[in-house]
Amino acid sequence: YQVTAHNSLGEASSETVRVIISQGISRPWHKVITSESMSVVIQKIIDVNGVEINTGEIGVFTPHFVCAGVGDISSSRSGITVFGDDLTTEIADGFKNNEPMNFYIWDGTSVLEAEVFDIIEGGYLFQSDGILVGSIRVIHD
């Protein structure tokens, strides 16, 4: 879809985006694969009660809800390749530099929104050829 947005000054900005219409983030997750990527190393994954999540999957989504990376959870850890936007296509099919990464956890029964904490290296904004090392926790059930 071609989307045009206006800021508070009335200035217009237009972009072609892929629109996903659903209630929340549905499964299964299918990631995009492009030539740009970032490495994400998750050292600990915890639920709202502080209990480690040891199995499942982590999905990393763009602000436009495009799945740009998926990793398996094993012993409360995960390694994920997160992909950037393919500039040769018209649609936004991955992250642009400096876009925030949105994390969701599939625990086998539910999709749970999560946030990054205890960042050791990098940050939560996508950077092509960058790295994020940290932990994530479920925000709410």
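Quick notes
Residue by residue, here is whether (1) within 24 Å of SER128 (Cβ to Cβ); (2) open to solvent by 60 Å² or more (accessible area, probe 1.4 Å); (3) modelled with pLDDT of 95 or more holds:
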{"site": "SER13", "(1), (2), (3)": "yes, yes, no"}
{"site": "GLN23", "(1), (2), (3)": "no, yes, no"}
{"site": "ARG27", "(1), (2), (3)": "no, yes, no"}
{"site": "GLY84", "(1), (2), (3)": "yes, no, yes"}
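- Residue count for the stretch 105-123 satisfying the condition of being touching a Leu at 6+ places or on another chain (Cβ under 7 Å) and among the hydroxyl-bearing types (Ser, Thr, Tyr): 0.
- Out of GLY130, GLY134, GLY123, GLY59, sole residue that is closer than 22 Å to ARG27 by Cα and of a type in the set (Gly, Ala, Ser): GLY59
- Residues in the stretch 101-110 that are open to solvent by 50 Å² or more (accessible area, probe 1.4 Å) and closer than 23 Å to ILE33 by Cα: ASN102, TRP106.
- Every listed requirement among (1) in a loop (DSSP other than H, G, I, E, B); (2) modelled with pLDDT of 90 or more is met by ARG18 save one, (2).
Listed here are the residues, each with its yes/no results for (1) at pLDDT 95 or above; (2) in a strand (DSSP E or B); (3) more than 17 Å from SER135 (Cα to Cα); (4) not basic (Lys, Arg).
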site: VAL40; (1), (2), (3), (4): yes, yes, no, yes
site: LYS44; (1), (2), (3), (4): yes, yes, no, no
site: GLY50; (1), (2), (3), (4): no, no, no, yes
site: THR81; (1), (2), (3), (4): yes, yes, no, yes
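- Hey, ILE120 open to solvent by 10 Å² or more (accessible area, probe 1.4 Å) and in a strand (DSSP E or B) or not: yes
- Checking each residue in the stretch 65-92 for being closer than 18 Å to GLU36 by Cβ and under 12 Å from the mean Cα position of the chain (by Cα) picks out VAL66, CYS67, ALA68, GLY69, VAL70, GLY71, ILE80, THR81, VAL82, PHE83, GLY84.
The values are calculated or read from the model by the stated rules, or taken from the named source; none is laboratory data. Only a predicted model underlies this, so the values are computations on that prediction, with no experimental measurement involved. With ideal geometry, Cβ positions are generated from the backbone for all residues, glycine too; neighbour counts draw on all protein chains shown. Just so you know, the surface numbers come from the protein's heavy atoms only, side chains and all, with ligands and any DNA or RNA stripped out. Shrake-Rupley method; radii C 1.70, N 1.55, O 1.52, S 1.80 Å.
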